[in-house]
Amino acid sequence: MTLAETHPAMDALLANRLRNAQPALWINPARQAQPAVALPALGRTISLDDTQAAAARLARFAGLLAQVFPELAATGGVVESPLLPATALQAALGWAPEQGRLFIKADHGLPVAGSIKARGGMHEVLEFAERLALEHGLVQPGGDYRALASPAAREVLGRYQVAVGSTGNLGLSIGVVASALGFKAAVHMSADAKEWKKDRLRLRGVEVVEHAGDYERAVAAGRAQASSNPLCHFVDDEQSFSLLLGYSAAALHLQQQLAEQGVAVDAEHPLIVYLPCGVGGAPAGIAFGLRQLLGPHVHCFFAEPVQSPCFLVQMLADATQGAGQHPSVYDWGLTNRTEADGLAVPRASLLAAELMQPLLSGVFTVADDTLFVQLVQVLDALGERIEPSAAAGFSGPAMLTGTTAGQAWLQNTGVDAVLHNATHLVWTTGGLLVPDAQYQGFVQRGRAVLAAQG
Ligand SMILES: *Cc1c(COP(=O)(O)O)cnc(C)c1O
């Protein structure tokens with residue numbers, strides 16, 4: 001069935017809203033109740049075992065991480081975030097208690113990288129380090145990885161380089177973790193990357209290469225430079241399994257946190273998760289893990305800026321034109337300009353898109369002004385500091401109840417009958433390291449928008 005057949009009138013309406021950079025909701029007609037594990041185009045399968053292997057790798061390195069990052073001493077090297085009840089924010093967002101309960105997954109406070117990139121980025125650097133450490137006999141399988149902190153081990157790792165192309169946050173994560181382990185590190189930054197992120201990396205001895213173009217250009221330049229150096233590992237945000245699996249490990253911890261807070265996930269108690277999406281690796285990894293672990297009653301929605309809905313246009317192309325398409329937001333007449341710099345990506349990861357095709361519930365878009373307003377509401381109601389990208393998920397509940405597409409989805413899935421029992425989980429993906437002056441600017445902009453709205 002084509003999208004036009006399943007969503008007769010909505011199709012043209014959605015396309016118009018997308019083109020005009022107006023907030024829109026797309027529902028995935030290809031979502032399946034059973035989680036799929038095969039990725040035909042990529043010639044491999046992926047399963048919960050892969051997620052568990054990533055979590056086990058992070059655990060093997062915990063002792064070393066606690067030693068090289070003072071901020072991880074308290075958690076013994078575990079990089080995790082709390083699951084916070086957000087009832088106070090619910091009122092500010094105009095979300096009635098009968099419409100379910102709101103939580104936030106507070107990745108905006110993740111240590112080391114200050115964003116969700118701590119998960120995937122750290123995992124990929126550790127996977128590279130582990131392979132080298134075993135090859136060079138710096139550690140034994142099952143041994144104590146704290147041996148990698150020795151000057152001799154660092155000298156060996158220091159012969160290698162880790163490189164990445166990024167709008168900022170991924171570079172921050174990769175650069176900081178790689179340099180802490182003794183690697184040389186190079187980060188290719190797009191023009192929209194913030195100065196403070198470049199400064200922070202340079203302070204750590206990371207080589208920052210600035211590019212005039214967008215995120216794709218930075219990635220391409222990094223990939224090209226790395227390919228000429230056999231001692232360089234390039235972290236490829238557009239096609240990395242290692243990143244994706246690092247993100248997916250978050251689902252294992254969230255499952256525990258939900259149980260601890262007494263949150264059930266079943267037909268009577270759906271869990272709806274709203275994830276900010278850039279290239280798609282982070283939200284796809286997490287959505288994959290959640291669908292594997294929690295079954296069909298977890299519904300994942302991705303959130304993108306109205307000028308950068310790369311994942312949405314990819315899913316639309318897959319649904320209407322079949323596989324093999326790779327449209328960009330520029331093809332839709334959009335600018336890819338947004339203050340949500342972590343999400344300023346013109347073209348989605350095909351790996352993430354293929355993985356999400358049978359698993360994702362939908363994608364919606366958000367205007368920048370709304371991000372700033374919600375950033376302020378999060379501060380006022382919860383006292384939490386998030387960056388604009390991290391606010392993208394907060395429009396999710398209202399997109400479901402306040403749009404025709406959302407209401408149809410609620411009815412078709414039967415979620416409307418049990419909405420009062422639903423748990424809404426907004427993933428707040430970054431903020432900790434934003435300098436105060438920058439953050440105050442965000443707050444001022446949000447308050448100005450609120451004042452103008454009266
Ligand atoms: C990178 C990023 C995301 C999205 O991750 P992708 O893998 O690019 O989809 C969301 N929020 C923030 C703050 C980010 O830095």
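Only the coordinates and a few stated rules stand behind these numbers; no lab work does. What you see is a predicted model; the values in this text were computed from it and never measured. All Cβ positions, even for glycine, are placed from backbone atoms using ideal geometry, and neighbour counts span all protein chains on display.
Straight-line reach from LYS197: taking Cα to Cα under 17 Å and skipping same-chain neighbours fewer than 8 places apart, the aspartates and glutamates in range are GLU207, GLU210, ASP214, GLU339, ASP341, GLU387, ASP436. Evaluated with a Cβ-only charge set (Lys, Arg +1; Asp, Glu -1), segment 270-350 carries a dipole of roughly 140 debye about its Cα centre, given to the nearest 20. Listing LEU316, LEU102 from fewest to most neighbouring C-beta atoms within 10 Å gives LEU316, LEU102. Look at where the Cα atoms of segment 176-230 and of segment 397-434 average out, and the two centres are 36 Å apart. Of HIS211, VAL112, PRO141, whose Cα points farthest to the positive end of the dipole of segment 109-225 (charges on the beta-carbon: +1 Lys, Arg; -1 Asp, Glu; origin at the Cα centre)? Positive-end residue among those listed: VAL112. The angle between the Cα long axis of helix 281-294 and the main principal axis of the chain comes to about 70°, on a 0 to 90 degree scale.
Counted over the chain, the DSSP beta bridges are approximately 25% antiparallel.
Mean sequence separation of contacting Cα pairs (under 8 Å, at least six apart), scaled by the length of the chain, corresponds to a relative contact order of 22 percent. What angle do you read, to the nearest 10 degrees and between 0 and 90, between the alpha-carbon axis of helix 169-180 and the longest principal axis of the chain? Approximately 20 degrees, to the nearest ten. Ranked by how many other Cβ atoms sit within 10 Å of their own Cβ, fewest first, the residues THR365, THR370 fall in the order THR370, THR365. Using C-alpha pairs below 8 Å separated by at least 6 residues, the relative contact order for segment 118-243 is 27 percent.
Given +1 at the Cβ of Lys and Arg, -1 at the Cβ of Asp and Glu and no other charges, the dipole of the chain around its Cα centre is 640 debye to the nearest 20.
What separates the Cα centres of segment 25-93 and segment 237-281 is a distance of 6 Å. Below 17 Å, Cα to Cα, which lysines can LYS194 reach? Residues fewer than 8 away in the same chain don't count. List returned: LYS117.
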